[in-house]
Amino acid sequence: MRNPLISAIAHPWLRAVVFARARIDPEFKLENIPDEYFFKTCEYAERYNKPLQIDYNPLWETGNHMYKGIRKYVEIILEYSDCKIFYGSDAHRADEIGRNLKYVNELLEKYKIDSSRIWIPKVEQ
């Protein structure tokens, strides 16, 4: 987060979960990460002015999905920090466009997040 060439942090914790599933425990999920690490992520995001990407889908909280526990992390970002956030459809295919936006928008409304928390990248011309 200290790198000045990095503007924002996309998919926070995704690589850690993928690494843990591949090398430590194939059943590892986001919920296995202690809350203190999520709070620390928010602390560093605020300190270094790095927006964090949020994404959410209630289906991820079911079964053995590697994102199980993501709602807790998103709620920590929204409720207990002032860091900037960004979000989008995170589509990797055309049929995924806009898929999770309604769930993220519901959380933003629940936590009364206003536009001042939404990071809008500066476009250099």
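The values are calculated or read from the model by the stated rules, or taken from the named source; none is laboratory data. As the structure is a computational prediction, the values presented were derived from the model and not from experiment. Here Cβ is always computed from backbone atoms with ideal geometry, including for glycine, and neighbour counts include all displayed protein chains.
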> For W13, all conditions in the list (1) within 30 Å of V123 (Cα to Cα); (2) surrounded by fewer than 18 Cβ atoms within 10 Å (Cβ to Cβ); (3) not charged (D, E, K, R) hold save one; what is the number of the exception?
Replying inline: (2)
> When residues of the range 32-56 are filtered for being free of Cβ contacts under 8 Å to residues at least 60 places away in the same chain and buried (at least 17 other Cβ atoms within 10 Å of the Cβ), how many remain?
Replying inline: 11
> Among the residues of the range 13-33, which ones are part of a helix (DSSP H, G or I), more than 13 Å from the chain's Cα centre (by Cα) and of a type in the set (D, E, K, R)?
Replying inline: R21, R23, E31
>> Tell me which helices (runs of 4 or more DSSP H) are completely within the range 34-125 and hold 2 or more residues being of a type outside the set (S, T, Y), farther than 20 Å from A16 by Cβ and modelled with pLDDT under 95, or say none if there are none.
In response: 70-80, 101-110
>> Could you list, ordered by first residue, the pairs with Cβ atoms under 8 Å in which the first is in the range 63-78 and within 21 Å of P26 (Cα to Cα) and in contact (Cβ under 8 Å) with a residue 24 or more places away in the chain and the second is surrounded by fewer than 18 Cβ atoms within 10 Å (Cβ to Cβ) and among the β-branched types (V, I, T), at least 6 apart or interchain?
In response: M66/V18; K68/T62
>> For the structure I just gave you, tell me whether L101 is surrounded by 11 or more Cβ atoms within 10 Å (Cβ to Cβ), among the aliphatic types (A, V, I, L, M) and free of Cβ contacts under 8 Å to residues at least 24 places away in the same chain.
In response: yes
